[in-house]
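Asker: One structure, pasted below without further comment.
What follows draws every value from the coordinates through simple rules; no lab data is involved. No experiment lies behind these values; they were computed from the predicted model shown. Neighbour counts are summed over all protein chains in view; Cβ atoms, including those assigned to glycine, are modelled from backbone coordinates with ideal geometry.
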Amino acid sequence: MAALFLSIISIGILVAAVVSSFDSRGNGSMYLGSAGVTSMLIGICALVLAVKSLGEENSFKLFPYLSTLCSLLITGIWVALYVIGFLA
């Protein structure tokens, strides 16, 4: 449950950062960048927690799989954004 909650927080920060970046026409402040880095770290932490939760016995398996999927998705998006940013 914690991994899913962290993934949702990271997705929310991603959406807020993208909207804010579009509003400022790509000239975001350092606060926007630090929010992005923090959100990426939150996504990585969620991924670690989600993978650990897959090995738990006697638990309802929907949440571990859902949190792993969300965590992989958000971490992949953040990594892709940073790679594209460094290459551009």
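Asker: Scan segment 6-36 for residues that are more than 15 Å from Gly85 (Cβ to Cβ) and either among the aliphatic types (A, V, I, L, M) or touching a residue at least 12 places away in the same chain (Cβ under 8 Å) (or both) and jot them down.
Answerer: Leu6, Ser7, Ile8, Ile9, Ser10, Ile11, Ile13, Val15, Ala16, Val19, Ser20
Asker: Let me ask something else. When only residues in segment 36-72 that are of a type outside the set (Val, Ile, Thr) and closer than 16 Å to Ala17 by Cβ count, which is surrounded by the fewest Cβ atoms within 10 Å (Cβ to Cβ)?
Answerer: Per the stated criteria, the residue is Leu41.
Asker: Kindly list, by first and then second residue, each pair from a residue in segment 65-88 that is within 9 Å of Leu47 (Cα to Cα) to a residue that is part of a helix (DSSP H, G or I) and of a type in the set (Phe, Trp, Tyr), limited to pairs with Cβ atoms under 9 Å and residues at least 6 apart or on different chains.
Answerer: Ser67/Phe5
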